[in-house]
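**Q** Here's a structure for you.
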Amino acid sequence: MNDSNHHQNKNSTSKSKDLKQNLEQGKGKTMTTNQGVKVNDTNNSLKAGERGGTLLEDFILREKITHFDHERIPERIVHARGSGAHGYFELYENQEKYTKAGIFTDTSRKTPVFVRFSTVAGNKGSADLARDVRGFSTKFYTEEGIFDLVGNNMPIFFIQDAMKFPDLIHSVKPEPDRDIPQAASAHDTFYDFVSHTTETLHNHIWVMSDRAIPRSFRMMEGFGIHTFRLINAEGKSHFVKFHWKPLLGVHSVTWDEAVKIHGADSDFHRRDLWDAIEAGHYPEWELGFQIVAEEDEHKFDFDLLDPTKLIPEEMVPVQRIGKMTLNRNPDNFFAETEQVAFHPGHLVPGLDFTNDPLLQGRLFSYTDTQLSRLGSPNFHEIPINRPVNEVHNNQRDAHMRMTINKGKTAYFPNSIGGGCPHLAKMAQGGFTSYEERIDAKKVRDRSESFNDHFSQPALFYRSLEDWEKNHIADAYTFEIGKCTYEHIKERMLYLIAQIDNDLAQKVAKGLGLEIPNNIEQPVNQAIGADADVKKHQPGQKKNYLEKSSALSQTFLKNDSIVSRKIAVLVSDGFSGKELDTMQKALENKGAVVNLIAPHGGEVSCDKDKKHKVDAALLTTESVLFDALYIPGGEKSIKSLLDEAKAKKFINESLKHCKPIAISNEGEELFDATYGKDFKDDSSVFINKDADKFIGGIAQHRNWDREEKAKNIPA
Ligand code: HDE
C-alpha cells in the first residue's frame with residue numbers, strides 16, 4: 001500500500017499528474033552515474049592495486065561523494081520542522097458576491113493543494129510536541145496561479161509590526177551563548193522580550209493553552225490571522241479573515257504527556273499524519289470566511305489591521321464555504337515538504353492585501369528567505385512549487401534554470417517576438433490591485449488604535465472551560481518557573497494580573513512569589529527612542545464581549561473516533577471472545593486497535609488462536625494512545641500483574657484522563673493500580689458495552705477526573 005503509484009492513480013489531481021513528470025523509481029532498472037553511465041561496483045573505489053592508494057580519476061567515487069557532500073540546504077529560520085501532505089479543495093457555494101477568484105466561485109473545481117504543518121522555534125530535527133505555535137500553510141494550485149494561505153493554528157500573532165520579528169524570534173530561539181534550550185520557549189530571553197513587549201501577551205496566553213500541544217495536526221484549527229481583502233468582479237472589496245475548521249474537532253494532549261511523548265516518539269505528529277493518510281483516514285478541514293463590509297471597518301473596539309486581535313465569532317460568524325481533504329503522502333520528503341516555498345504574497349485575482357504592518361513586512365521576507373534557502377530565484381521551477389497553469393514572461397537565466405526559453409526576445413515591448421508574451425487584459429484575468437485611497441504622511445510610528453494589549457487575552461481566558469484555565473495556570477507556572485531572573489518573573493506576574501487576577505494568583509503561588517503592585521519601567525517598551533512613552537502604553541482593559549465560546553477547544557465537537565489509537569493490554573491466555581467483540585466495535589467506527597504484550601511476536605488467546613503483537617511493553621508507552629482496553633482471561637491477567645510496565649500504562653492513562661474499558665478478570669489488574677480509586681469514574685467502563693467506551697473515546701478525555709488524578713505519581 002505504500003506504493004506511490006497506487007496513490008497517484010487513486011487520488012490523482014492536476015498537480016499529481018504534473019509531479020509525475022519528475023518521479024524516479026529504480027525498481028527493475030540498472031544503476032547509472034548522474035551522466036547515465038552504467039555502474040557495476042558501488043562498493044569499492046578505484047585503487048592502484050588492492051592495497052594501494054585511491055586514484056583521483058575515479059569519477060564514480062568523486063561523483064558519489066561530491067553529491068553527498070552537498071545534500072543539505074539551510075533549514076528554514078523559523079518553522080524548520082514540518083510535515084506535508086497533498087490533497088484538494090472543493091467549494092460548497094459560489095462566493096461571487098465577495099470575490100471573483102475561480103477557486104471561490106467555481107463549484108465544479110477540485111483544486112489541488114499541498115499543506116505543510118510545522119512547529120516554529122525548533123530545529124528541523126527537534127521534537128513534535130514542543131509547546132509552540134503550529135504553522136498551517138496551504139498551497140492552492142489554482143487555474144489562475146498559485147494562492148498560498150500561510151497561516152498558524154492560533155488566530156493572532158505575537159507582534160504588530162514586521163520590524164519586531166527578528167527580535168521575537170531571537171528571543172525564543174536557543175540562547176546564543178550556549179545554544180540551549182532547543183524547541184522550548186521556557187527560558188529567560190523569551191520572557192525578557194515578552195515581559196517588555198505587551199503586544200505579545202495575547203498570542204502568548206494562547207501558547208500557554210493546550211492549543212500549543214495538539215493531539216494531532218489533524219485536530220487543529222488554522223487561521224490566516226491577518227485581515228485580507230476579497231474583491232468581486234465589480235471591484236468591490238470586503239475584509240476577510242480565513243479559518244480552517246477541522247472535522248475531527250480540536251484536541252490536545254496534556255503537558256505531562258507532551259513531555260513524555262518527546263522521549264517515546266519525537267515524530268509523533270509526523271507519524272500520525274502519515275499513518276492516517278496511509279490508512280485512508282483522510283483529514284478534512286472546512287474553510288471559513290469571516291466577512292466584514294468595507295464600511296464597517298471602524299465599528300469594532302479594536303483595529304482590523306492589528307494582527308494581535310481576533311474578531312470573535314459571536315460578533316462576526318464564520319461562514320463555511322468549502323472543504324479541504326488531504327489524501328496523499330509525499331513521495332519524497334526533501335523534494336516536496338522541504339523544498340516547498342510558501343509566500344503570503346502569492347495571491348490570485350479576487351484576493352488582495354490590507355495595510356496590516358505585519359502582513360506588509362511578510363510580503364518582503366518570504367521570497368528573500370527562499371533565495372538563501374533554495375539558492376536561486378528559480379525556486380518557482382522546483383516541481384512542488386510550480387503552478388499547474390502555464391508561466392510565460394521575460395525573466396531569464398540564474399542558477400539552476402530548468403526552463404528552456406525559445407526565441408530572441410526577452411523584453412517587452414517587442415516586435416521581433418510578435419509582442420509576446422502579450423499582456424493580459426483585466427477581463428482575461430490580469431491581476432489588478434485594489435484601488436485603496438492613500439493620503440498620508442510618511443511616519444515611523446504605530447497607530448494608537450493598536451494600544452489595547454489586555455482586553456483580548458482576558459476575553460480568551462474568560463471564555464475557556466475550567467480545565468482549560470487550569471492548564472493555562474500550570475503552563476505559566478512551568479514556563480516562568482524555568483526563568484532565572486527575578487525581575488523578569490515579577491514583570492510577568494504583574495502583566496498576568498492585568499489579564500486576570502485569579503490566574504496571576506495561581507501562578508504566583510506556584511512560583512512562590514508575590515504579585516508586585518507596580519513595576520518600575522513602562523509595561524510596553526516596544527517603542528522608538530523619541531516616541532511619546534505614555535501614548536504607547538496599553539489602555540484600560542475593555543469588556544466588549546463577556547465570553548466567546550468559540551475560543552474554547554470544546555466548541556468544535558465531533559463524536560467521531562476515526563483514527564483514534566486504542567491500546568489493548570494482553571498476555572497469553574487473554575479472552576479471545578472479549579477482544580474480538582471490542583475490537584470489531586472499535587474498528588467499525590474507524591479506531592485503530594494495537595495489541596500490547598509483555599513480548600513481541602505473537603500472543604495466544606484462551607482458544608489458542610495466535611494474534612500478532614503490535615508492540616511489546618518495552619517498546620511503547622501509554623502516551624502514544626488515546627484510550628486503553630484490558631480484556632479478561634485469568635492467565636493473561638496473572639502474567640500482566642507481574643509486569644510493572646502494564647501497571648504504569650494504567651496509572652498514566654488514568655492520570656491523563658483517558659477512557660479505560662475493562663472486562664471481567666481485567667478488573668483484578670485495574671485494582672492493582674490507582675485504578676481502584678477510580679472505579680466510579682464516568683470514563684472508566686467496567687464490563688460495559690463497547691458503545692459506552694466509544695462514547696468516552698469520542699469525548700477525548702474526562703477532564704472531571706483531572707483534579708483527583710493529578711495525585712497519581714506516574
Ligand atoms: Fe512566517 N516566515 N513570518 N509567519 N511563516 C516563514 O519563510 C516571517 C508570520 C508562517 O511551511 C519563513 O519559507 C516574518 C505570521 C508559516 O514552509 C520566513 C513575519 C504567520 C511558515 C518568515 C512572519 C506566519 C512561515 C521561514 C513577521 C501566520 C512556514 C521559511 C512579519 C499568519 C512555511 C519560509 C512553510 C515561514 C517570515 C510572521 C506563518 C523567514 C518576517 C504572522 C506557517 O520568511
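Please treat every number below as a calculation from the coordinates, not as lab data. Because the structure is a prediction, the values reported are computed rather than measured. Cβ: placed from backbone, ideal geometry, glycine included. Neighbour counts: every protein chain shown.
**Q** Starting at 0 and stepping by 10 Å, how many percent of the alpha carbon pairs of segment 539-678 end up in each bin?
**A** All Cα pairs considered, the percentages come to 12, 39, 28, 9, 7, 4, 2, 0.
**Q** Continuing with this model, one more query. Rounded, prolate or oblate: which one fits segment 454-554, using the alpha carbon gyration tensor with axes a ≥ b ≥ c (rounded when a/c is under 1.5, else prolate when a/b beats b/c, else oblate)?
**A** oblate
**Q** Same structure, new question: What's the FRET efficiency of Glu643 with Thr367 using the Cβ-Cβ distance as r and R₀ = 51 Å, to the nearest 0.05?
**A** 0.35
**Q** What does the charge dipole of segment 82-385 about its Cα centre add up to, to the nearest 20 debye, if the Cβ of each Lys and Arg holds +1 and the Cβ of each Asp and Glu holds -1?
**A** 480 debye
**Q** So how strong a dipole does the chain carry about its Cα centre when Lys and Arg Cβ are +1 and Asp and Glu Cβ are -1, to the nearest 20 debye?
**A** Result for the chain is approximately 1600 debye, rounded to the nearest 20.
**Q** Another question, then. From the residues Gly407, Ser118, Leu624, which one has its Cα farthest along the dipole of the chain in the positive direction, the dipole being from +1 and -1 charges on Cβ of Lys/Arg and Asp/Glu about the Cα centre?
**A** Among Gly407, Ser118, Leu624, the one farthest towards the positive end of the dipole of the chain is Gly407.
**Q** For the chain, with the dipole built from +1 on Lys and Arg beta-carbon atoms and -1 on Asp and Glu ones, taken about the Cα centre, which of Leu19, Met315, Val172 lies farthest toward the positive end?
**A** Most positive-ward Cα: Leu19.
**Q** Turning to a different aspect of this structure: What is the set of long-range amide H partners of Leu351 at a cut-off below 5 Å, with H atoms built 1.01 Å from backbone N?
**A** Ile231
**Q** Relative contact order for segment 82-385 using alpha-carbon pairs under 8 Å, separation at least 6, rounded to a whole percent?
**A** Worked out over segment 82-385, it gives 24 percent.
**Q** So the label point goes 7 Å from the Cα of Gln537 along Cα→C-beta, right? Which residues of segment 188-221 then have their backbone N under 16 Å from it?
**A** Correct set: 196-199.
**Q** State whether segment 468-512 is rounded, prolate or oblate according to the following rule on the C-alpha gyration tensor (a ≥ b ≥ c being the square roots of its eigenvalues): a/c under 1.5 gives rounded; otherwise a/b larger than b/c gives prolate, and the remaining case gives oblate.
**A** Judged from the Cα gyration tensor, segment 468-512 comes out oblate (a/c at least 1.5, b/c at or above a/b).
**Q** Ratio to report: Rg/Rh of segment 97-187, with Cα atoms as the point set and Rh obtained by the Kirkwood method; give two decimals.
**A** 1.11
**Q** Do any of Lys612/Lys688; Lys20/Lys565; Lys245/Lys547; Lys609/Lys648; Lys442/Lys534 go past 24 Å between their Cα atoms, and which?
**A** Check vs 24 Å cut-off fails for Lys612/Lys688; Lys20/Lys565; Lys609/Lys648.
**Q** What is the set of long-range amide H partners of Leu556 at a cut-off below 5 Å, with H atoms built 1.01 Å from backbone N?
**A** Result for Leu556 returns Val250.
**Q** Continuing with this model, one more query. Which trypsin sites (Lys or Arg not before Pro) from segment 612-684 combine a DSSP loop assignment with at most 12 other Cβ atoms within 10 Å?
**A** Loop-located and lightly packed - Lys679.
**Q** In addition: How would you order 292-302, 548-558 from highest to lowest mean count of nearby Cβ atoms within 10 Å?
**A** 548-558, 292-302
**Q** How large is the convex hull of the C-alpha atoms of segment 82-385 per residue, in Å³?
**A** 136 Å³
**Q** I need the phi-derived Karplus couplings for segment 176-189: 6.51 cos²θ - 1.76 cosθ + 1.60, θ = phi - 60°, integer Hz, Gly and Pro marked x.
**A** x, 6, 10, 6, 9, x, 7, 6, 8, 8, 7, 7, 3, 5
**Q** Moving on. Do you know the relative contact order of the chain, to the nearest whole percent, from alpha carbon pairs under 8 angstrom that are 6+ apart?
**A** RCO, the chain: 12 percent.
**Q** Something else about it: Need one word for the chain: rounded, prolate or oblate. Basis is the Cα gyration tensor (sqrt eigenvalues a ≥ b ≥ c); a/c below 1.5 gives rounded, then a/b vs b/c decides.
**A** Oblate, because a/c is 1.5 or more while a/b does not exceed b/c.
**Q** Rank by packing, highest mean first: peptides 230-241, 559-570, with packing defined as the count of other Cβ atoms within 10 Å averaged across residues.
**A** So the peptides 230-241, 559-570, ranked by packing, come out 559-570, 230-241.
**Q** Can I ask one more? How much length, in nm to one decimal, is gained on full extension between Asn40 and Arg401, taken as 0.36 nm per residue of separation minus their Cα-Cα distance?
**A** Taking Asn40 through Arg401 to full extension adds about 126.8 nm, to one decimal.
**Q** Among Thr142, Ala264, Leu511, whose Cα lies farthest out toward the positive end of the dipole of the chain, if unit charges sit on the beta carbon of Lys, Arg (+1) and Asp, Glu (-1)?
**A** Thr142
**Q** Okay, helix-only estimate at 222 nm for the chain: each DSSP H run of n ≥ 4 adds -39500 (n - 2.57), divide by all residues, round to 500 deg cm²/dmol; what do you get?
**A** -8000 deg cm²/dmol
**Q** Which order, highest average first, do 443-451, 74-82 follow once you tally other Cβ atoms within 10 Å for each residue and take the mean per peptide?
**A** By packing density, highest mean first, the sequence is 74-82, 443-451.
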